[in-house]
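Read the structure below first, then the notes.
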Amino acid sequence: MPNLNIEKYRRMLAEERARICDEIDAVERDIGRDDVDGGQNEQADYDQHPADAATDTFVKERDIAIRDSFRDVIGRIDEAVGKIERGTYGSCDRCGAEIPKARLDAVPHALYCLECQDLVEAS
């Protein structure tokens, strides 16, 4: 493990997790409000223009995708915290190389070095 201030990263990860959880709650409230306000039933669409219905569908699907993306980030944060506990934080999950401190400062839940991140994203 590189010479890192582990407590700093533990704190950063906890703060980021709390922030993302707040974002998930907000998106879920929006999704729930859309279900109630939109009246997801046949009669609700009776007077609605088809383009408005399509917009409503797009917005709901976008919110669900955002929520799912946030949940993925939570998973990576939890994995990074697990790496702290196991003493492997700061090393790449793919190649084992040291993840640069600048990358961890920018993305404390990074699980891969930049080279491996590019390979993972390309596949």
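Every number in this text was worked out from the coordinates using simple rules, so none of it is lab data. Please read these numbers as outputs of a predicted model, since none were measured by experiment. Neighbour counts run over all protein chains shown; Cβ positions are idealised from the backbone, glycine included.
Treat each spin label as a single point 7 Å out from the Cα along the C-beta direction, and report the Ala102 to Asp30 distance in nm.
3.3 nm
Return the FRET efficiency for the residue pair Arg10, Ala54: r is the Cβ-Cβ distance, R0 is 41 Å, and the value is rounded to the nearest 0.05.
After rounding, the FRET efficiency stands at 0.35.
Taking the Cα centre of the chain as origin, sum charge times position over the Cβ atoms of Lys and Arg (+1) and Asp and Glu (-1), and report the length of that vector in debye to the nearest 20.
Working: 17 positive and 29 negative charges, 219 e Å.
My answer is approximately 1060 debye.
Obtain the nm distance between the two label points defined at Ile66 and Glu85 by a simple spin-label model: each point lies 7 Å from its Cα along the Cα-to-C-beta direction.
It works out to 3.1 nm between the two label points.
Under 5 Å between amide hydrogens, which residues at least 5 positions from Ser91 or on another chain qualify, with H placed 1.01 Å from N in the peptide plane?
Ile99
Taking 7 Å along the Cα-to-C-beta vector as the label spot, tell me the Arg94-Asp78 distance in nanometres, rounded to one decimal.
Result: 2.4 nm between the two label points.
With contacts defined as alpha carbon pairs under 8 Å and 6 or more residues apart, what's the relative contact order of the chain in percent? It would help to have the intermediate numbers written out before the result.
Working: 89 pairs, mean separation 39.8, N = 123.
Rounded, it is 32 percent for the chain.
Can you match log10 I(q)/I(0) by the Debye sum over Cα atoms at q = 0.13, 0.15 Å⁻¹ to one of these, (i) -0.64, -0.75; (ii) -0.59, -0.74; (iii) -0.48, -0.63, based on a calculation from the structure here?
Calculated log10 I(q)/I(0) by the Debye sum over Cα atoms at q = 0.13, 0.15 Å⁻¹: the matching label is (i).
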